[in-house]
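Engineer: Sharing a structure below in structure tokens format, with a few things to ask.
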């Protein structure tokens, strides 16, 4: 049966899905894996993207997030809508894909007028920055500063030589027998010393006055630049406010809200432009019932975040989490998963214990510390086990999906001493992991240096940022190959959030996600990352302690 597309952009499945294949309640858009029906629709769209059906653009340099929304029409037929995030080739809408959720003519009329004003202010800033007067003043100030430094250095050297001579003269005067003559000449030497101090101070002030005259002229120009930049910033903010006013969100309960109602302050750039909101908006407008949403990345990975070609991803948490629940209100939708697992009450297992500290073996799926939505954690469980230790503290943390050795202090003094070792990087840590591909034979060990920062548009994900990221270094070593996967040891030299997971997955790292990594790779039964070895100095005895627990995978 041929795949057909209706007038309202719905693509019908080649064979109608069976009743038990259709979810009764729409799965959460924030689940890590799409519903099987949404996955089927995604793969059909992927197949079309891989052919000439959609001659969109070359995604080998810059990838794009695409999405599908499985829908039911009034006749009960099941199909799917296709969409993409943002723009492609400078266009909001392309044949076969749902349009943007704002009125394009209204949006662009504001955009063109606003961009002309911003361009004029930018041109004014460039003109002021590059003007001949400013350039000449900067050169004159730099030249005058060099002259000042040389002149004052020469004066200081002359005073230093005179001071040495006065010191020698004082020694000679001490050997004189005439006390009155000695006193007169000592006073003369003291006056000479004071004169040199005044001379240096006056010379410094004279140079400062010369520089201030030039600096004041430069400051006037720079103030004009600063004022114009502020005008541009304000104009940009006003333009964004006007543009976001064209984003009006509707839901299936008949309610309408401006997109600005869901954010504190100005919404992040791109809010409402992701595939998910565009698909849901179009479905409501066409009176189609949403059944399941799926999104995937197509093309080259971005240089900052972690996105892999053909991998599925949940709706972004930074922007879509704010608006999708409202847009879907009126439908039966599963709650957002908290990803907390049912962990046996006996966990975590105690590896070592004394009066000062605990070393535990954290299972995968249990948080280290309580979060906003999930209270169950290693910390809360240990507080219940040790009610007489109110100063109990986690010295460090492991991701919820990571298993392995976790260090806990029983009192604040021990915690301070142990934390200092982490800060000074004298703690030895080794993690075992399985990577999702086989590394080349000539790639057996190395060091990764990719600075990291939180992805504010999609927390808790992190991303690489060479400009704003915190330093993050990891040594790694291949242990062996298991089919098409690679078992490795990781030695984190810093302790950034998700460091090992990003360094493994990023294209400038190992370009091989850890098996089971739902955030930066593909979901699995568990994240194959285990804190296998931990070495540190005891806070009381100062003895070097070493612990190892074998990998559970």
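Engineer: Could we say that residue 306 is crowded, with 20+ Cβ neighbours inside 10 Å, over 30 Å from residue 412 (Cα atoms) and modelled with pLDDT under 95 here?
Structural biologist: Working: crowded, with 20+ Cβ neighbours inside 10 Å: yes; over 30 Å from residue 412 (Cα atoms): yes; modelled with pLDDT under 95: yes.
Spelling it out, residue 306 is indeed crowded, with 20+ Cβ neighbours inside 10 Å, over 30 Å from residue 412 (Cα atoms) and modelled with pLDDT under 95.
Engineer: Condition first: within 20 Å of residue 287 (Cα to Cα) and surrounded by fewer than 20 Cβ atoms within 10 Å (Cβ to Cβ). Now tell me which residues in segment 96-114 satisfy that.
Structural biologist: Listed by number, the residues that qualify are 96, 99, 103.
Engineer: Give the number of residues within segment 49-61 that are out of contact with any strand residue (DSSP E or B) (no Cβ under 7 Å at 6 or more places or on another chain) and surrounded by fewer than 16 Cβ atoms within 10 Å (Cβ to Cβ).
Structural biologist: Of the residues in segment 49-61, 8 are out of contact with any strand residue (DSSP E or B) (no Cβ under 7 Å at 6 or more places or on another chain) and surrounded by fewer than 16 Cβ atoms within 10 Å (Cβ to Cβ).
Let's see how each residue does on (1) touching a helix residue (DSSP H, G or I) at 6+ places or on another chain (Cβ under 6 Å); (2) surrounded by fewer than 20 Cβ atoms within 10 Å (Cβ to Cβ); (3) farther than 17 Å from residue 367 by Cβ:
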residue: 519; (1), (2), (3): no, no, no
residue: 522; (1), (2), (3): no, yes, yes
residue: 528; (1), (2), (3): no, no, yes
residue: 531; (1), (2), (3): no, no, no
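Engineer: Could you list, ordered by first residue, the pairs with Cβ atoms under 6 Å in which the first is in segment 177-190 and surrounded by 11 or more Cβ atoms within 10 Å (Cβ to Cβ) and the second is assigned to a helix (DSSP H, G or I) and modelled with pLDDT of 85 or more, at least 6 apart or interchain?
Structural biologist: 189/166
Engineer: Do the conditions hold for residue 28, that is, is it touching a residue at least 12 places away in the same chain (Cβ under 8 Å) and either over 31 Å from the mean Cα position of the chain (by Cα) or under 23 Å from residue 320 (Cβ atoms) (or both)?
Structural biologist: Answer is yes for this residue.
Engineer: Considering only segment 60-82, I want to know if a residue exists there that is touching a helix residue (DSSP H, G or I) at 6+ places or on another chain (Cβ under 8 Å) and part of a loop (DSSP other than H, G, I, E, B).
Structural biologist: no
Engineer: Among the numbered conditions (1) closer than 16 Å to residue 292 by Cβ; (2) surrounded by fewer than 17 Cβ atoms within 10 Å (Cβ to Cβ), tell me where residue 82 comes up short.
Structural biologist: Condition not satisfied by residue 82: (2).
Engineer: Within the group 361, 388, 411, which residue is in contact (Cβ under 8 Å) with a residue 24 or more places away in the chain and over 21 Å from residue 541 (Cβ atoms)?
Structural biologist: 361 is the lone residue from the list that is in contact (Cβ under 8 Å) with a residue 24 or more places away in the chain and over 21 Å from residue 541 (Cβ atoms).
Engineer: Starting from residues that are under 24 Å from residue 212 (Cβ atoms) and touching a residue at least 12 places away in the same chain (Cβ under 8 Å), keep the ones in segment 148-172 and report whichever is farthest from the chain's Cα centre (by Cα).
Structural biologist: 155
Engineer: From the residues in segment 446-467 that are farther than 15 Å from residue 500 by Cα and over 9 Å from the mean Cα position of the chain (by Cα), which one is surrounded by the most Cβ atoms within 10 Å (Cβ to Cβ)?
Structural biologist: Only one residue fits best here, namely 466.
Engineer: Please enumerate the residues belonging to segment 212-258 that are touching a strand residue (DSSP E or B) at 6+ places or on another chain (Cβ under 8 Å) and surrounded by fewer than 12 Cβ atoms within 10 Å (Cβ to Cβ).
Structural biologist: Answer for segment 212-258, where residues must be touching a strand residue (DSSP E or B) at 6+ places or on another chain (Cβ under 8 Å) and surrounded by fewer than 12 Cβ atoms within 10 Å (Cβ to Cβ): 253, 256.
Engineer: Please give the number of the condition residue 130 fails out of (1) under 27 Å from residue 216 (Cβ atoms); (2) surrounded by 11 or more Cβ atoms within 10 Å (Cβ to Cβ).
Structural biologist: The failed condition is (2).
Engineer: Checking residue 343 against (1) within 22 Å of residue 518 (Cβ to Cβ); (2) assigned by TED's automatic domain parsing to the domain that holds residue 75; (3) without any contact (Cβ under 8 Å) to a residue 60 or more places away in the chain: exactly one of these is not met. Which one?
Structural biologist: (2)
Engineer: Which of (1) more than 18 Å from residue 92 (Cβ to Cβ); (2) at pLDDT 90 or above; (3) assigned to a loop (DSSP other than H, G, I, E, B) does residue 271 not meet, given it meets every other one?
Structural biologist: (1)
Engineer: Ok, one more. If you scan segment 18-31, which residues turn out to be surrounded by 14 or more Cβ atoms within 10 Å (Cβ to Cβ) and at pLDDT below 95?
Structural biologist: Those that are surrounded by 14 or more Cβ atoms within 10 Å (Cβ to Cβ) and at pLDDT below 95: 30, 31.
Engineer: What number of residues within segment 393-425 are more than 23 Å from residue 498 (Cβ to Cβ) and either within 26 Å of the chain's Cα centre (by Cα) or surrounded by fewer than 16 Cβ atoms within 10 Å (Cβ to Cβ) (or both)?
Structural biologist: Total satisfying the criteria: 4.
Engineer: For residue 547, are the conditions met, namely being closer than 27 Å to residue 408 by Cα and in a strand (DSSP E or B)?
Structural biologist: Numbers: closer than 27 Å to residue 408 by Cα: yes; in a strand (DSSP E or B): yes.
Taking the combined requirement at face value, the residue satisfies it.
Engineer: Just to verify a result, which residue in segment 441-459, among those that are closer than 17 Å to residue 506 by Cβ and not in a strand (DSSP E or B), is modelled with the lowest pLDDT?
Structural biologist: 458
Engineer: Sticking with this structure for a sec: Please indicate, with yes or no, whether at least one residue in segment 91-108 is assigned by TED's automatic domain parsing to the domain that holds residue 309, over 28 Å from residue 331 (Cα atoms), modelled with pLDDT under 95 and assigned to a strand (DSSP E or B).
Structural biologist: yes
Engineer: Hey, another quick one. Collect the residues in segment 312-342 that are crowded, with 17+ Cβ neighbours inside 10 Å and over 22 Å from residue 251 (Cα atoms), keeping them in residue-number order.
Structural biologist: Hits for segment 312-342 are 312, 313.
The values are calculated or read from the model by the stated rules, or taken from the named source; none is laboratory data. What you see is a predicted model, and the numbers here were worked out from it, not measured in a lab. Glycine gets a Cβ as well: all are built from the backbone with ideal geometry, and neighbour counts include every protein chain shown.
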